[in-house]
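The values are calculated or read from the model by the stated rules, or taken from the named source; none is laboratory data. These numbers come from a predicted model, not from an experiment. We place every Cβ from the backbone using ideal geometry, glycine too, and count neighbours over all the protein chains shown.
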Amino acid sequence: MSDAPICTHLDTVEVTDVPTRAAVPGCEECLKIGGRWLHLRVCRTCGKVGCCDSSPNKHASAHAGAEGHPILSSIEPGEDWSWCVVDEVGFVLD
Ligand SMILES: [Zn+2]
Ligand SMILES: [Zn+2]
Ligand SMILES: [Zn+2]
């Protein structure tokens, strides 16, 4: 087991099947507006895919803040970390 994450929002995690990067077309919001993204994150509460904070539109964090869905996970190949935008702490789930 990994160290217990310092996050009080683990009960918001509803999405257990994180998609692979290859399985998603891209950031949902960027695709709507013709935007560009760098890396992709998935919301662990509802499964929405958004772009990372290094992307121009930061849709993943924007979604987390707007919807109150605090935990995002990277879906980039080889990355298995998650991030709580409220606690600002990273950890690995499972
Ligand atoms: Zn948290
Ligand atoms: Zn985006
Ligand atoms: Zn969400």
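Cβ separations smaller than 6 Å between residues 6+ apart or across chains give the following pairs from region 53-71 residues that are touching a residue at least 12 places away in the same chain (Cβ under 8 Å) to residues that are outside any helix (DSSP H, G or I) and among the acidic types (Asp, Glu): SER61/ASP53.
Considering every residue within region 39-47, establish whether at least one is away from ligand 3 (no atom under 14 Å from the Cβ) and either farther than 20 Å from ASP87 by Cα or modelled with pLDDT of 95 or more (or both). Yes, region 39-47 has at least one match. Filtering region 39-73 to residues that are more than 9 Å from ligand 2 (Cβ to nearest atom), among the hydrophobic types (A, V, I, L, M, F, W, C) and surrounded by fewer than 20 Cβ atoms within 10 Å (Cβ to Cβ) leaves CYS46, ALA66. Between a first residue in region 10-21 that is in a loop (DSSP other than H, G, I, E, B) and a second residue that is of a type outside the set (A, V, I, L, M, F, W, C) and buried (at least 17 other Cβ atoms within 10 Å of the Cβ), which pairs have beta carbons less than 6 Å apart while being 6 or more apart in sequence or on different chains? Qualifying pairs under 6 Å: VAL13/ARG44; GLU14/THR45; VAL15/ARG44; VAL18/SER73. Residues in region 45-54 include none that are within 16 Å of ligand 1 (Cβ to nearest atom) and part of a strand (DSSP E or B). Annotation: of all residues in region 74-94 being crowded, with 20+ Cβ neighbours inside 10 Å and of a type in the set (Gly, Ala, Ser), the one that is farthest from ligand 1 (Cβ to nearest atom) is SER74.
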